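Participant: My questions all concern the structure below.
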Amino acid sequence: MFSLLFISTVTLATASFQFKVGGDKGWTKPTGNDSELYNEWASRNRFHVGDSLYFKYNNDSVLVVNRTSYTDCSVANPTFEFKDGETVFEFDRYGFFYFISGERGHCKAGQKLIVRVMVHPAAENSSPRQAPSPMEDGGSDDDGDGWDSIWGAPPHNSTIKQTVASYFMTALGGMLVIMYLLM
């Protein structure tokens, strides 16, 4: 007697969102007493792995920096630097990301942003590690830049396309989970 097992391919999709930093004004130097403008905006949003930030700016730049450079408004050694006027930055890991303006005086005036990226709800069952606090070291062996070995490679600009192999591995992993659940 032969039994046939039919496995239907199910695609699990998670929605990702693109957030426009600064709204209609874009990424600009705050005026007046708006020194926490960008962090207040970030605190009203929920960011997940796969989401992205869209920075629109003129005569400015976006620097991705470590926690120390963020606190000190240091533009000396950014992890990434963008000057194209329209930058899309995709979050490929959870944890904290630090952004500052590269223009003199802008960061001190409040043109800086901390984003906490959370694990996407669809992936919460995989027991991820908790992200460290942005203001404490948490016993990590890194130098405060947030890029120690637990995070892997630094994030890439979302204009770089993922390889076909990456999509294949994601689909294969999803099918294996489904097969496991059907057993």
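Participant: Would you check which residues across region 56-92 are β-branched (Val, Ile, Thr) and assigned to a loop (DSSP other than H, G, I, E, B) and list them?
Facilitator: Val75, Thr79
Participant: Moving on. Check Val75, Val49 and return the single one that is aliphatic (A, V, I, L, M), under 19 Å from the mean Cα position of the chain (by Cα) and either modelled with pLDDT of 95 or more or open to solvent by 30 Å² or more (accessible area, probe 1.4 Å) (or both).
Facilitator: Step by step, each of Val75, Val49 is checked, and only Val49 is aliphatic (A, V, I, L, M), under 19 Å from the mean Cα position of the chain (by Cα) and either modelled with pLDDT of 95 or more or open to solvent by 30 Å² or more (accessible area, probe 1.4 Å) (or both).
Participant: OK, next. Asp148 versus (1) at pLDDT 80 or above; (2) of a type in the set (D, E, K, R); (3) open to solvent by less than 40 Å² (accessible area, probe 1.4 Å): which is the lone unmet condition?
Facilitator: (1)
Participant: Let me ask you something else. Quick check on this structure: which one of Val119, Val75 is among the aliphatic types (A, V, I, L, M) and touching a Phe, Trp or Tyr at 6+ places or on another chain (Cβ under 7 Å)?
Facilitator: Val119
Participant: Further, regarding this structure: Quick check, is Val62 in contact with a Phe, Trp or Tyr (Cβ under 6 Å, 6 or more places away or on another chain), at pLDDT 90 or above and within 17 Å of Glu103 (Cα to Cα)?
Facilitator: Yes.
The values are calculated or read from the model by the stated rules, or taken from the named source; none is laboratory data. Being a predicted model, the structure only gives us computed values, none of them experimental. Glycine also receives a Cβ, built like all others from the backbone with ideal geometry; neighbour counts cover every protein chain displayed. Accessible surface areas use protein heavy atoms only, side chains included; no ligands, DNA or RNA. Shrake-Rupley method; radii C 1.70, N 1.55, O 1.52, S 1.80 Å.
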